[in-house]
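Have a look at the structure below before the remarks.
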2 protein chains.
Amino acid sequence: MNYKKQLEEYFKEVDIRCVLGLSIDCVIFGFYDNQLKVLLLRWKQTEEWGLPGGFIYKSESVDVAAQRILEERTGIKELFLQQFHTFGEDVRYNRQEISQKLSWPDTSSRQWPDRTVSIGYFALVDFSKVTPTADFLTDECRWWDVEKLPSLLFDHNHIVAVALRTLRVQLSWQPVGYNLLPEKFTMPELQRLYETILNRPLDPRNFSKKMRALGIIERLEEQRKGGAFKSPYLFRFNKEKYEKALQEGNLAFS
Amino acid sequence: MNYKKQLEEYFKEVDIRCVLGLSIDCVIFGFYDNQLKVLLLRWKQTEEWGLPGGFIYKSESVDVAAQRILEERTGIKELFLQQFHTFGEDVRYNRQEISQKLSWPDTSSRQWPDRTVSIGYFALVDFSKVTPTADFLTDECRWWDVEKLPSLLFDHNHIVAVALRTLRVQLSWQPVGYNLLPEKFTMPELQRLYETILNRPLDPRNFSKKMRALGIIERLEEQRKGGAFKSPYLFRFNKEKYEKALQEGNLAFS
DNA sequence: TAAGCTTTATGTATTCCTTACATATTCACT
DNA sequence: AGTGAATATGTAAGGAATACATAAAGCTTA
């Protein structure tokens, strides 16, 4: 089988070029249709889904590896990317089960150690800018509603849960959410984003007041037409003001 | 030289028993004399200081390894211990320089890869409960004022800086500071702790009000005698109330 | 083209939290 | 008994968070 051969080659390459026993897993968040989405890959010739991930070259910074993996496996460049936790349980998952599910070739000749420690990164991306594309290891790549994930490979459900918790905490600290929206967005869109991530309804008057008080977004004259209702104004995130507010410490959101 | 032999043996053991290319570094914070302290070790036959650290057994959870290392190298059990960052730069430090400084034996025969990725943990301990003790790799173990650290081995100054930043953020989020104080403490002691970590003065009336409003400490009838001044009341941290407040989300401190 | 439906935009009163600020008290020491 | 040093504490003002309701806009469709 061609794929199996490819996989063997890949593992051989990894064993030679990469740091043994370490991997990177990326939780890529996007926002669409008022839902927080996660980008998942379906492994070739299986119905098994998992997070995009990969390995670290022997003389490569882990941060750079995370960026590279993200780019290799999703085509996304320049995004909000942050390390959030390193997963080092002694038993992260049933290795035999995984090997079976993915029809992995016999790995007994590999250099790879029994246990893999994985460094978790999460990314926030503009949903509209991503074209999910499967790569040589996978048959399919698509967004999944974070609330409706299937049972994932490895300990990836757990990793997503930790990433999500981290995202929630971060959102209360600094307005990272902008990274999930296109350049121009409306106030209701922003509110939906917050409501979705924080998982609770927010009052539109208070939300608008608070967001505008932060002084890091600016209202454009443009409005978004097309809906069967009053056209909302468009806003834009102002990075300079954001950096300034960051330095001055006026950034908390509760 | 006996020590050099010991070191060789140790490295050999590590190569056999431990996960290759991964290490753990612990930043142990204590509080004394109104100063935030960090526990450092001086390597044998050198004047070089570094963080306590170690390696992970092949089938050991990284969290457990961190606890074990802490216990092995400081005698401390049961403490607040938390993973805060994984350091995976391609060049974390000048390896040759380190090898020279520590008079390491020739390591060319080792299994160990060129680059080590280190998982950082920070610990908060009751200063009075720790008896700094050097181990077989070190000549001396003592507390250093976090503001007056010497130039440390590896990238340990950087690791301490990141740990400190994390601690500051955490302190604004939840009252982790209790872990740095003995069971009974006075309000001024608690205030000094916060002032030290946050690096700014706080108003005693407001501080007391706020702390008591959190509802997680209780005032005892006891007072601390001995100073040439009004005896302060003793307080105790109430863990049950704390857990409850945590669940209800009433824990932020700004 | 008018009515209807849906969504957006917005102000005010109340409460709560944060901040600023000064003095009386206690205890040991002399 | 007086002194010095640290502790304990209340109140007023300002700012932020919350609760709450209605008018206007834009498309649909009758």
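The values are calculated or read from the model by the stated rules, or taken from the named source; none is laboratory data. Nothing here was measured: the structure is a model prediction, and the numbers come from that model. Virtual Cβ from ideal backbone geometry, glycine too; neighbours counted across all protein chains shown. Quick note on the areas: whole protein, heavy atoms, side chains included, nothing else; ligands and nucleic acids left out. Shrake-Rupley method; radii C 1.70, N 1.55, O 1.52, S 1.80 Å.
Values for this structure:
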quantity: 3J(HN,Hα) from dihedral phi, segment A:169-174, Karplus parametrisation 6.51/-1.76/1.60, rounded to Hz, x for glycine, proline; calculated: 5, 4, 4, 6, 9, 8
quantity: Vicinal HN-Hα couplings computed from phi for segment A:143-153 (Karplus, 6.51 cos²θ - 1.76 cosθ + 1.60; Hz; Gly/Pro x); calculated: 6, 10, 4, 5, 7, 10, 5, x, 6, 9, 5
quantity: Coarse-grained scattering of segment A:127-184 at q = 0.29, 0.30 Å⁻¹, given as base-10 log I(q)/I(0) from a Debye sum over alpha-carbon atoms; calculated: -1.18, -1.18
quantity: Span from the segment A:195-243 Cα centroid across to the segment A:17-65 one, whole angstrom; calculated: 31
quantity: Chain B, rotation onto A, residue closest to that axis via Cβ, with its distance in Å; calculated: B:Thr86, 2
quantity: Packing rank of B:198-211, B:10-23, B:35-48, where each peptide gets the mean count of other beta carbons within 10 Å, highest leading; calculated: B:35-48, B:10-23, B:198-211
quantity: Subset of A:Lys77/B:Lys244; A:Lys58/B:Lys101; A:Lys77/A:Lys209 violating a 31 Å alpha-carbon distance limit; calculated: A:Lys77/B:Lys244; A:Lys77/A:Lys209
quantity: Alpha-carbon Rg/Rh ratio, for chain A, with Rh computed the Kirkwood way; calculated: 1.02
quantity: For segment B:69-74, Karplus couplings with θ = phi - 60° (6.51, -1.76, 1.60), whole Hz, Gly/Pro x; calculated: 4, 4, 5, 3, 9, 9
quantity: Crossing angle, helix A:2-17 versus chain A [Cα axis fit, 0-90 degrees, rounded to tens]; calculated: 80
quantity: Tensor-based shape of segment B:175-248 (alpha-carbon gyration tensor, a/c under 1.5 rounded, otherwise prolate or oblate); calculated: oblate
quantity: Under-5 Å amide H pairs with B:Thr138, H placed in peptide plane, nonlocal only; calculated: B:Lys44
quantity: Inter-copy separations for A:Asp106, label at 7 Å along Cα-Cβ, nm, ascending; calculated: 3.8
quantity: Residue-averaged beta-carbon neighbours from other chains (10 angstrom radius) around B:132-143; calculated: 0
quantity: Cross-link reach list, aspartates and glutamates versus B:Lys129, counting only Cα pairs under 16 Å and skipping chain neighbours closer than eight places; calculated: B:Asp33, B:Glu71, B:Glu72, B:Glu78, B:Glu183
quantity: DSSP-loop GluC sites (Glu not before Pro) across segment A:67-155, with at most 15 other Cβ within 10 angstrom; calculated: A:Glu78
quantity: Amide H within-cut-off set for A:Tyr32, under 5 Å, with H built and near neighbours excluded; calculated: A:Lys37
quantity: Other-copy label distances relative to B:Ala134, 7 angstrom Cα-Cβ extension, nm; calculated: 6.2
quantity: Summed buried accessible surface, chains B and A, 1.4 Å probe, nearest 100 Å²; calculated: 1600
quantity: Helix-derived mean residue ellipticity, 222 nm - over chain A, DSSP H n ≥ 4, -39500 (n - 2.57), to 500; calculated: -10500 deg cm²/dmol
quantity: Shortest-first nm distances, B:Arg17 label point to equivalent points in other copies (7 Å, Cα→Cβ); calculated: 3.6
quantity: Relative contact order (%) - segment B:175-248, alpha-carbon pairs under 8 angstrom, separation at least six; calculated: 33
quantity: Rounded, prolate or oblate (a/c below 1.5 giving rounded, otherwise prolate when a/b exceeds b/c) for the protein assembly as shown by Cα gyration tensor; calculated: oblate
